[in-house]
Amino acid sequence: MHHFQYRNNKLHCEGVSVEGLAEKFGTPLYVYSQATLTDHYQKLDKALAPLDHMICFAMKANSNLAVMRVLANQGSGFDLVSGGELQRVIAAGGDPRKCAFAGVGKTEEEIEFALRKGIYTFNAESEPELIRINKVAARLKKVAPVAVRVNPNIDAGTHAKITTGTYENKFGIQFEQVEGIYARASKLKNLRLRGLQMHIGSQLTSVNPYELAVAKVLPMVKKLAAKYKFEFFSIGGGLGIIYKPALASGEEGWWNTSEAKGLLTPDTYAAKLIPLLKPLGLKILVEPGRFIVGNAGILVTRVEYVKRTGKKNFVIVDAAMNDLIRPAFYDSYHEIVPLKRNGASKTIPSDVVGPICESGDFFCKDRPLPKVGEGDYLALLSAGAYGFVMASNYNARAMAAEILVNGKQAAVVRDRQQVKDIWRDEKIATWLK
Ligand SMILES: *Cc1c(COP(=O)(O)O)cnc(C)c1O
């Protein structure tokens, strides 16, 4: 469940009024619920309890230091994709020994840094990468723990931009090539073949593609694990969440979460996968991103203008695609609710749009929304994953502030960016002076 709900018709994050936060800290404003983060982490942790397992939060979904600290305090490891992200883990107080380093383009510097910090595994995505990791490890007189990311060629049935497990994608190594690569890698003296990894995509709402992929890869894992003394098998991330409420389910419909019927929950996921995975006797790694943080965050915005044209009702807000790019980038749906409910049931088909000079700068189109006016606040729900982390300074817009709520407490966990800091690192060439 999550901890955003109305009390006396005012949206609250745990024990804190969101409107109070908007008034105090301004908008656009990201607000995260600590109880939701820990709930989601613990739910998955409990569901996987029958397995020796390790949760590596996919920090690309939300790498705010405070969010990461909450999860590190729960015992979470991290799935990371750059040297910068590893530095963030350290800054957040996370443990590099619980980190998996993914990504197709690891540089020598990044490999060296990760080796020195003692990460748990490099999840290699090509043979040249294994050769490079071996070379760097030899230079440092270390043994690098590695796994190969297998691409099982299973379509996760999700949006094209977040499908990763088919041969159309740049990720992983083709299923048919994996055994040969392990055989050659086993001859590289500075590698330890620690496990095997896969990740088939994001926002999966059914357990079927996981079952298919695990079942396909399992015989190979067994064989390779015996041969190379694997310690782990990683089944990746991708657990989906509910963005869209059941439209017919009444006023609290948006409140539905992935506990809702028929959807992928930690329990259905565990129920199907544990019988397959338990007999392996390996440590099972999972790399959830969205599932942990998606519904733990909202983006709060203020209505600047309402503009009625012949065809449309445009609600122009102070947040934009530079704050939350998911609708423009992935055609994503975010539920939009007023911070103050007035009880009126009448709705108007509305386009909620930002101030940026792009037609793609919208949050919804022709969606029935309650009537709002200048100065009203709206919340875009389920904005905790792939939200702030994808923000930019497009149109010289300063990045939003971020708030973490814990019960009745609220803390600024990232100050609103100062406009002058947008060009802090720019210089005017001497010949122009
Ligand atoms: C993005 C990514 C994840 C997390 O995906 P979610 O859908 O947010 O759970 C996990 N593992 C890898 C390798 C990824 O690239």
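The values are calculated or read from the model by the stated rules, or taken from the named source; none is laboratory data. Worth saying up front: this structure is predicted, and the values here are computed from it rather than measured. Cβ sites come from the backbone with ideal geometry, for glycine too, and all protein chains shown count toward neighbours. Areas reflect the complete protein model, heavy atoms only, side chains present, ligands, DNA and RNA absent. Shrake-Rupley method; radii C 1.70, N 1.55, O 1.52, S 1.80 Å.
Picking from LYS98, LYS142, which residue would you name as being open to solvent by 50 Å² or more (accessible area, probe 1.4 Å), in contact with a strand residue (DSSP E or B) (Cβ under 9 Å, 6 or more places away or on another chain) and without any contact (Cβ under 8 Å) to a residue 60 or more places away in the chain? Walk me through it before giving the result.
Numbers: LYS142 fails: in contact with a strand residue (DSSP E or B) (Cβ under 9 Å, 6 or more places away or on another chain).
Unique residue meeting the criteria: LYS98.
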Residue satisfying condition, being within 16 Å of the ligand (Cβ to nearest atom), at pLDDT 95 or above, open to solvent by less than 10 Å² (accessible area, probe 1.4 Å) and not charged (D, E, K, R), within set VAL303, VAL293, VAL317: VAL293
Condition met for PRO275 (part of a helix (DSSP H, G or I) and surrounded by 19 or more Cβ atoms within 10 Å (Cβ to Cβ)): no
Extreme residue, least open to solvent (accessible area, probe 1.4 Å), among residues of the stretch 74-95 that are in contact with a Leu (Cβ under 9 Å, 6 or more places away or on another chain) and in a loop (DSSP other than H, G, I, E, B): GLY94
Residue satisfying all of: in the stretch 188-206; part of a loop (DSSP other than H, G, I, E, B) and more than 20 Å from TYR386 (Cβ to Cβ); nearest to the ligand (Cβ to nearest atom) among these: MET198
Sole residue being surrounded by fewer than 19 Cβ atoms within 10 Å (Cβ to Cβ) and aliphatic (A, V, I, L, M), chosen from LEU48, LEU71, LEU65: LEU65
Output for the stretch 1-15, where each listed residue is open to solvent by 20 Å² or more (accessible area, probe 1.4 Å) and in a strand (DSSP E or B): GLN5, TYR6, ARG7, LYS10, HIS12
Pick from the stretch 320-349, criterion in a loop (DSSP other than H, G, I, E, B) and either more than 26 Å from ALA391 (Cβ to Cβ) or among the basic types (Lys, Arg) (or both), ranking: most open to solvent (accessible area, probe 1.4 Å): LYS346
Test: ALA400 is over 21 Å from ILE242 (Cβ atoms) and open to solvent by less than 20 Å² (accessible area, probe 1.4 Å): yes
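Filter the stretch 157-187 down to residues that are within 12 Å of the ligand (Cβ to nearest atom) and open to solvent by 10 Å² or more (accessible area, probe 1.4 Å), then give me how many there are.
Of the stretch 157-187, the ones within 12 Å of the ligand (Cβ to nearest atom) are 158-159, 161-165, 169-172.
Adding the requirement that they be open to solvent by 10 Å² or more (accessible area, probe 1.4 Å) leaves 158-159, 161-164, 169-172.
The total comes to 10.
What residue, among those in the stretch 12-35 that are polar (S, T, N, Q) and in contact with a Phe, Trp or Tyr (Cβ under 8 Å, 6 or more places away or on another chain), is farthest from GLY407 (Cα to Cα)?
Narrowing the stretch 12-35 to residues polar (S, T, N, Q): 17, 27, 33-34.
Filter again for in contact with a Phe, Trp or Tyr (Cβ under 8 Å, 6 or more places away or on another chain), leaving 27, 33.
Numbers: THR27: 21, SER33: 8 Å.
Only one residue fits best here, namely THR27.
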Answer residue from the stretch 207-241, given it is within 16 Å of the ligand (Cβ to nearest atom) and part of a loop (DSSP other than H, G, I, E, B) and is nearest to LYS272 (Cα to Cα) among those: VAL207
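Let's see how each residue does on (1) part of a loop (DSSP other than H, G, I, E, B); (2) small (Gly, Ala, Ser):
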site	(1), (2)
ASP351	no, no
CYS357	yes, no
CYS364	no, no
PRO368	no, no
ALA398	yes, yes
VAL405	no, no
Failed condition for GLU129, given (1) crowded, with 21+ Cβ neighbours inside 10 Å; (2) not in a helix (DSSP H, G or I): (2)
